[in-house]
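Working notes for the structure below.
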Amino acid sequence: MIKMQVIGRLGKDCIVNTVNGKNVINFSVAHSERYKDSQGNLQEKTTWVDCAYWTDRTAVAPYLVKGVQVYVEGTPEARAFSRQDGTAGASLSVRVREVQLLGSKGEGTGGSTPSYNAGNSSAGSSSGNSYVNADDITEASDDLPF
């Protein structure tokens, strides 16, 4: 089994589709890394990862909006394609098994920011943060803390 983990921010709001009677939530995550090149100049590289979350737990979709930081875990899929001009291209995507909301762009990175677990794993439940399982979210509510 190959597993891929990505932490990054959503580039745009997610899209919920139904394909052959099954729900899929599609979104893109941008992961940025900063490094120094051989001349000592600070560089930044951003990798975009397309995500497909096949789930019946679509109640998490309203929270998957542009700028939200997420943790995504799943199976990677690399695709090669030809562009209209004939040049080769490639894309990286993940078939999501678990997604956790880590916070919005305006929130600080302090330890008091709760994470919201939309997967079926109990990973991280001993970290002291409050976790909400996507099964527990029944409808959008105005009194949610985020």
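Tabulated values for the structure
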item	result
Reachable lysines, given that their alpha-carbon falls under 16 Å from the alpha-carbon of K66 and they are not under 8 places away in the same chain	K12, K105
Distant-in-sequence amide H partners of D13 (H built 1.01 Å from N, under 5 Å)	K66
Counted charge near K45, where neighbours are those whose Cβ lies closer than 11 Å (Asp, Glu -1; Lys, Arg +1)	-2
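Since every read-out is calculated from the coordinates, none of them should be taken as a lab result. Worth saying up front: this structure is predicted, and the values here are computed from it rather than measured. FYI the Cβ positions are ideal-geometry reconstructions off the backbone, even for glycines, and counts take in every protein chain you see.
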